[in-house]
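The values are calculated or read from the model by the stated rules, or taken from the named source; none is laboratory data. As the structure is a prediction and not an experimental result, all values here were calculated from the model. Note that each Cβ is placed from the backbone with ideal geometry, even for glycine, and that neighbours are counted across all protein chains shown. These accessible areas exclude ligands, DNA and RNA; they are computed on the full protein's heavy atoms, side chains included. Shrake-Rupley method; radii C 1.70, N 1.55, O 1.52, S 1.80 Å.
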Amino acid sequence: MAKYGILIDTDFCTGCHTCEVACQQEHDYPVGLNGIKVTEYEYKLANGKVKIDCIPFLTDLCDLCMGRQADGERPSCVKHCQTACMYFGLTSDLAIEAASRPRAVLYTHTPK
Amino acid sequence: MGKIDVYPTTAWSAGTGCHGGCGQNLFVEDGRLVKVEGNEDHPWNQGRSCPRALAMTQYVYHEDRITQPQIRVGERGEGKFEPISWDEALDICEERMGKIRDEHGAESVIFVQGTGRDIGGPITFLAYSYGSPNWVQLGLSGHSCYTPRLGAMKTTLGEFAVADCSQFLEKRYEDPEWEAPEYIIVWGQNPPNTCPDGFYGPWIVDCMQRGSKIISVDPRNTWMSTRAEYHLQIRPGTDGALALGMLNIIIEEEIYDKDFVEKWVDGFDAIKERAAEYPVDKVAAITEIPAADIQAAARAYANAKQAAIQWGVPIDMCPDGTAVAHAISCLWTVTGNIDIPGGQVIAKPAFGVTAYPFSSEELIELYGKDLITRMNEKRIGADVYPMYKHFRGWASPDVTIEQIETGDPYPIKGAWIQTANVIGGQAARAKFHYDAMKKLDFVAIVDLFHNPTTMALADIILPAATFPEKNSFRSWWTPMDSIKKRVQVGECRSDWEINFELAKRFNPEGLQRWATVIDYFDERMEPSGMTFEDLEAKGGWAMSPEGPGRPYRRYEKGHLRADGKPGFNTPSGKVEIYNKSFEEWGMDPLPFYTEPPQSEASTPDLFKKYPLVMITGARSNLFFHSEHRQIPWLREKEPDPTVEIHPDTAKEYNIYDGEWVHLENDMGHIKRKAVISLKVKPNHVQTLHGWFKPEAEGAEPNLFNVWDYQVNQIIPGPQASKSGFGGGQYKTTLVRLAKITEGGA
């Protein structure tokens, strides 16, 4: 079904918002529209320590940058990610890649 | 639709606003910038980018940009400006500043910049061409931003040093010489959110991905501190005690690098004795960090084969920030981590080319010893503070603002302010600065947007260009970059072009040998053997070759000293951790700790009234200091100025998430939106600086709502350290929270 996807190494997403603005610039989306949204989570661990994690979510507006793909370019969010923690590719390849990481999220995605 | 051309360039300041260094590709269609992307071929960022760079099209073509010179036509603050031509604007600057120079002397005009960006080069060029020694980050008490650290490093090491993330090697992480630091102490900084002082923040994350473990010194819980092997959750402002305590552990347990100390360190016994005054229990009590954590972190750092320290501005903002920086530099010295792969690598401007002068040596190289010595005679604060006399070329911001009020020993009549929103940004005790600066006879401001400072003070406004609109060069460490103009917006001009033209008017004979600003760049770049166009032709960047500009172990290779002998560039040839320069200047030659000026210990009565320590200045990726609030893609993600409040504290004050509250003390109050968060300890609150609302009315008394939001108006100042450098109280001011009952935000 979903041929392509985006893998995110969630240990290294710092919540910097680069992917969000990359998407808005690429698609010329106005304020309020975006193909990717980052959320930050702060929570306590059993030992009382605090943990802060961030994770991007692909919205229905994500088209996996089809236009860029035609030029052999990665999606703009993946290319610009400040910590290089995002990967684009065939979902079958990314599934193998995901398994080699302690914590990752693989979005299969079919542009609408 | 025309053809789109793609041009590589380097981001530096206006636009992204930052300290720069990233390679960016400009997509230009019919003379218009249509997109910006990271440049894969640039070793700095390797294709990556940031929200501010990716939002450049919204910045460059923003409807509020100032695109023509303007002259004030109403009273100051009325917000009435009319467009004039460049010739008229420069004629007025020449006439008004010339008149002040004739009547009072050139020293009566101050040259004001904000944080260290691309302005340091052109503003010193203009100030010295005009004849004024008074180059100043006005309002930034104690120049508490990097200069204290630079001063401590230069006087002990003879050099500057930074965490080694392979940034001075062309192949970067693939270079076989480089090794990842085993540990990185991230001391008072949040690298994913900031690219400070010639350093790309994400490099620290790159190192983490390559195995580096983190020791975080941070009062807050951040993405990075919660991933650290050791998180030393320090009481703000007590970093000096922590550094001395760690130093004591490392020396006492004999886990320092004995060979290195024996061969290359001068003053070890004196440091050992001083550090012994900071036993771990005492340090634990001062810093509120458990003793066991301090010990474990000190051991991990010292026992690592190679380890680095990446430090931030909170160190400068400690009381006696220079001494704190000195203490921290002793850690990397006694552990032998200097100029080794994955350690503290010596950082030099590429090819010895100066874009922005960081030391007295560089100023002398550029402008000659005579001029710099003469400048010392009238430089504000040089007779008060030893480091102002002997290090770099700043006038003291703390003495300057007093002198505007008193006129003693000579009057200050004019200000040239270049891309620095003093009133809405760096000025501690901002209203005092506002009142004082209102008294100036003439104020010229170079900027891109109106802001509280232009509105309150400007007589003439000159529109500056963003990085895609200008020619410039950058050598903040390595590589050296060229920045080439690809688009034109209105009548905007580059800072270099503006200052070059005005400087020629003030010193026509001295400057006649350069016809254009590019001629001048070529001369500055001469040590590299390349011209501006040569560097452009090479792709816009070049690394220093083997020699003084390339790591590692240059002290063994004879690359650091003028005489070509092995050793460091100090009188003894060793790292002088017993700081003989400080001693000569009447300062303590050894590092020491000073309690913050406001705290439970130093002001117990004030603490009873205001029991929360307010930390300011955390960085956002979306904004650079007081900039970018008008950029839609950025502002959308952080629409309001917020304050982080611990859930227990929120409960005590009966404050709910999202409620507007006041932060207050005896100096006044500001508005913030409450964010209930586990990031701060119950006795701390944290809030961002630099807030005003560009969408609000600009004319006085409103000034874009600056007095509702400017946190620095409740921060005391002037408050410089004994050396003159460091001590701005931006991280340790006592406050309390108050609910806003009526007519809130």
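Name the residues in the stretch B:628-649 that are open to solvent by 40 Å² or more (accessible area, probe 1.4 Å) and either within 27 Å of B:LYS609 (Cβ to Cβ) or in a helix (DSSP H, G or I) (or both), would you?
Correct list: B:PRO632, B:THR642, B:PRO647, B:ASP648.
Checking B:GLU288 against (1) over 22 Å from B:PHE391 (Cα atoms); (2) under 18 Å from the mean Cα position of the chain (by Cα): exactly one of these is not met. Which one?
Only one criterion is unmet by B:GLU288, namely (2).
Consider B:ASN705 carefully, then state whether it is of a type in the set (S, T, N, Q) and crowded, with 24+ Cβ neighbours inside 10 Å. Please lay out each step first, then the result.
Numbers: of a type in the set (S, T, N, Q): yes; crowded, with 24+ Cβ neighbours inside 10 Å: no.
No, not satisfied.
Restricting attention to the stretch A:52-66, which residues are open to solvent by 20 Å² or more (accessible area, probe 1.4 Å) and either in contact with a strand residue (DSSP E or B) (Cβ under 9 Å, 6 or more places away or on another chain) or facing chain B (nearest Cβ under 8 Å) (or both)?
Keep residues of the stretch A:52-66 that are open to solvent by 20 Å² or more (accessible area, probe 1.4 Å), which gives A:55, A:57, A:59-61, A:63, A:66.
Passing the criteria: A:ILE55, A:PHE57, A:THR59, A:LEU61.
Looking at (1) within 14 Å of chain B (Cβ to nearest Cβ); (2) buried (at least 18 other Cβ atoms within 10 Å of the Cβ); (3) in contact (Cβ under 8 Å) with a residue 40 or more places away in the chain; (4) of a type outside the set (A, V, I, L, M, F, W, C), which is the one condition that is false for A:ARG74?
It fails just one condition, (3).
Kindly list the number of the only condition in (1) within 28 Å of the chain's Cα centre (by Cα); (2) away from chain A (no Cβ under 14 Å) that fails for B:TRP264.
Unmet condition: (1).
Among the numbered criteria (1) among the hydrophobic types (A, V, I, L, M, F, W, C); (2) without any contact (Cβ under 8 Å) to a residue 60 or more places away in the chain; (3) farther than 20 Å from A:THR108 by Cβ; (4) facing chain B (nearest Cβ under 9 Å), which one does A:PHE12 miss?
(2)
Considering only residues that are open to solvent by 20 Å² or more (accessible area, probe 1.4 Å) and out of contact with any Pro (no Cβ under 7 Å at 6 or more places or on another chain), look in the stretch B:23-40 and name the one that is nearest to A:CYS23 (Cα to Cα). Let's see the steps before the verdict.
Let us first name the residues in the stretch B:23-40 that are open to solvent by 20 Å² or more (accessible area, probe 1.4 Å), namely B:25, B:27, B:29-32, B:34-35, B:40.
Narrowing the set further to residues that are out of contact with any Pro (no Cβ under 7 Å at 6 or more places or on another chain) leaves B:27, B:29-32, B:34-35, B:40.
Working: B:PHE27: 16, B:GLU29: 20, B:ASP30: 23, B:GLY31: 24, B:ARG32: 20, B:VAL34: 14, B:LYS35: 12, B:GLU40: 18 Å.
Across the stretch B:23-40, the extreme among qualifying residues is B:LYS35.
Filter the stretch A:94-106 for residues that are out of contact with any helix residue (DSSP H, G or I) (no Cβ under 6 Å at 6 or more places or on another chain) and closer than 23 Å to B:ARG210 by Cβ and give the result.
Initial filter on the stretch A:94-106 (out of contact with any helix residue (DSSP H, G or I) (no Cβ under 6 Å at 6 or more places or on another chain)): A:94-103, A:105.
Once the filter is applied, which keeps residues that are out of contact with any helix residue (DSSP H, G or I) (no Cβ under 6 Å at 6 or more places or on another chain) and closer than 23 Å to B:ARG210 by Cβ, the stretch A:94-106 yields A:LEU94, A:ILE96, A:GLU97, A:ALA98, A:ALA99, A:SER100, A:ARG101, A:PRO102, A:ARG103, A:VAL105.
State whether the residues of the stretch A:38-51 include one that is farther than 30 Å from B:PHE27 by Cβ, more than 12 Å from every other protein chain (Cβ to nearest Cβ) and open to solvent by less than 30 Å² (accessible area, probe 1.4 Å).
Within the stretch A:38-51, none of the residues are farther than 30 Å from B:PHE27 by Cβ, more than 12 Å from every other protein chain (Cβ to nearest Cβ) and open to solvent by less than 30 Å² (accessible area, probe 1.4 Å).
For the stretch B:194-212, which positions are open to solvent by 10 Å² or more (accessible area, probe 1.4 Å) and among the aliphatic types (A, V, I, L, M)?
The one that is open to solvent by 10 Å² or more (accessible area, probe 1.4 Å) and among the aliphatic types (A, V, I, L, M): B:MET208.
Which ones in the stretch B:213-232 are more than 10 Å from chain A (Cβ to nearest Cβ), open to solvent by 10 Å² or more (accessible area, probe 1.4 Å) and not charged (D, E, K, R)? Don't jump to the end; show me each part of the working.
Our first condition is that a residue be more than 10 Å from chain A (Cβ to nearest Cβ); within the stretch B:213-232, this holds for B:213-219, B:228-230, B:232.
Okay, now just the ones that are also open to solvent by 10 Å² or more (accessible area, probe 1.4 Å), so B:213, B:218-219, B:228-230.
Listed by number, the residues that qualify are B:PRO219, B:ALA228, B:TYR230.
Condition check ((1) part of a loop (DSSP other than H, G, I, E, B); (2) touching a residue at least 24 places away in the same chain (Cβ under 8 Å)) across all residues:
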| position | (1), (2) |
| --- | --- |
| B:VAL613 | no, yes |
| B:ARG619 | yes, yes |
| B:LEU622 | yes, yes |
| B:SER626 | yes, yes |
| B:LYS651 | no, no |
| B:VAL661 | no, yes |
| B:GLU664 | no, yes |
| B:LYS671 | no, yes |
| B:LEU678 | yes, yes |
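Among the listed residues B:ASP239, B:ASP269, which satisfies the condition of being in the same structural domain as B:HIS326 (by TED's automatic domain parsing) and in contact with a Cys (Cβ under 8 Å, 6 or more places away or on another chain)?
Within the list B:ASP239, B:ASP269, the selection yields B:ASP239.
Quick test of your reading of the structure: B:TYR555 fulfils all but one of (1) in contact (Cβ under 8 Å) with a residue 24 or more places away in the chain; (2) part of a loop (DSSP other than H, G, I, E, B); (3) open to solvent by less than 40 Å² (accessible area, probe 1.4 Å); (4) not basic (Lys, Arg). Name the failing condition by number.
Just one mismatch for B:TYR555, condition (2).
Which residues, taken from the stretch B:418-455, are open to solvent by less than 10 Å² (accessible area, probe 1.4 Å) and either of a type in the set (D, E, K, R) or touching a Leu at 6+ places or on another chain (Cβ under 6 Å) (or both)?
Passing the criteria: B:VAL422, B:MET437, B:VAL443, B:VAL446, B:PRO452.
Residue under question is B:ASP563, and the condition is that it be part of a loop (DSSP other than H, G, I, E, B) and within 28 Å of the chain's Cα centre (by Cα); does it hold? I'd like the intermediate steps shown before the answer.
Values: part of a loop (DSSP other than H, G, I, E, B): yes; within 28 Å of the chain's Cα centre (by Cα): no.
The answer is no for B:ASP563.
For the structure I just gave you, tell me whether B:TYR7 is open to solvent by 40 Å² or more (accessible area, probe 1.4 Å), in contact (Cβ under 8 Å) with a residue 12 or more places away in the chain and within 22 Å of B:GLU636 (Cα to Cα).
Values: open to solvent by 40 Å² or more (accessible area, probe 1.4 Å): yes; in contact (Cβ under 8 Å) with a residue 12 or more places away in the chain: yes; within 22 Å of B:GLU636 (Cα to Cα): no.
Judged against the criteria, B:TYR7 is not a match.
Would you call B:ASP64 out of contact with any Gly (no Cβ under 9 Å at 6 or more places or on another chain) and in a strand (DSSP E or B)? I'd like the intermediate steps shown before the answer.
Details: out of contact with any Gly (no Cβ under 9 Å at 6 or more places or on another chain): yes; in a strand (DSSP E or B): no.
No; evaluated as a whole, the condition is false for this residue.
Would it be correct to say that B:ALA243 is modelled with pLDDT of 95 or more and either part of a loop (DSSP other than H, G, I, E, B) or among the β-branched types (Val, Ile, Thr) (or both)? Lay out the reasoning, then the answer.
Working: modelled with pLDDT of 95 or more: yes; either part of a loop (DSSP other than H, G, I, E, B) or among the β-branched types (Val, Ile, Thr) (or both): no.
No, not satisfied.
Among the numbered conditions (1) under 30 Å from B:GLY74 (Cα atoms); (2) out of contact with any Asp or Glu (no Cβ under 9 Å at 6 or more places or on another chain); (3) in a loop (DSSP other than H, G, I, E, B), tell me where B:ALA699 comes up short.
Answer for B:ALA699: the failing condition is (2).
Tell me which residues, restricted to the stretch B:107-125, are hydroxyl-bearing (Ser, Thr, Tyr), in contact with a helix residue (DSSP H, G or I) (Cβ under 8 Å, 6 or more places away or on another chain) and either under 15 Å from B:GLU94 (Cα atoms) or assigned to a loop (DSSP other than H, G, I, E, B) (or both). Let's see the steps before the verdict.
Of all residues in the stretch B:107-125, those hydroxyl-bearing (Ser, Thr, Tyr) come to B:108, B:115, B:124.
This time we only want the ones that are in contact with a helix residue (DSSP H, G or I) (Cβ under 8 Å, 6 or more places away or on another chain), so: B:108, B:124.
Scanning the stretch B:107-125 gives a single hit, B:SER108.
Regarding the stretch B:385-404, can at least one residue be identified that is over 28 Å from B:ASP588 (Cα atoms) and open to solvent by 10 Å² or more (accessible area, probe 1.4 Å)? Steps first, answer last, please.
Within the stretch B:385-404, the first condition is being over 28 Å from B:ASP588 (Cα atoms), and the residues that meet it are B:404.
Okay, now just the ones that are also open to solvent by 10 Å² or more (accessible area, probe 1.4 Å), so B:404.
Looking for residues that are over 28 Å from B:ASP588 (Cα atoms) and open to solvent by 10 Å² or more (accessible area, probe 1.4 Å), one finds at least one in the stretch B:385-404, hence yes.
Looking only at the stretch B:126-182, filter to residues that are among the β-branched types (Val, Ile, Thr) and part of a helix (DSSP H, G or I); which one of those is nearest to B:GLN719 (Cα to Cα)? Before you say what the answer is, go through the steps one by one.
From the stretch B:126-182, those among the β-branched types (Val, Ile, Thr) are B:136, B:147, B:155-156, B:162; that's our starting set.
This time we only want the ones that are part of a helix (DSSP H, G or I), so: B:147, B:155-156.
Details: B:THR147: 16, B:THR155: 23, B:THR156: 25 Å.
Among those that are among the β-branched types (Val, Ile, Thr) and part of a helix (DSSP H, G or I), it is B:THR147.
Filter the stretch B:593-630 down to the residues that are touching a Phe, Trp or Tyr at 6+ places or on another chain (Cβ under 6 Å) and under 20 Å from B:THR194 (Cα atoms), then identify the one that is modelled with the lowest pLDDT. Can you show your working first?
Looking only at the stretch B:593-630, we keep the residues that are touching a Phe, Trp or Tyr at 6+ places or on another chain (Cβ under 6 Å), and these are B:600, B:616-617.
Then drop every residue that is not under 20 Å from B:THR194 (Cα atoms), which leaves B:616-617.
On the way: B:THR616: 97, B:GLY617: 94.
My answer is B:GLY617.
Yes or no: the stretch B:265-285 includes at least one residue that is open to solvent by 30 Å² or more (accessible area, probe 1.4 Å) and either among the polar types (S, T, N, Q) or modelled with pLDDT under 95 (or both).
no
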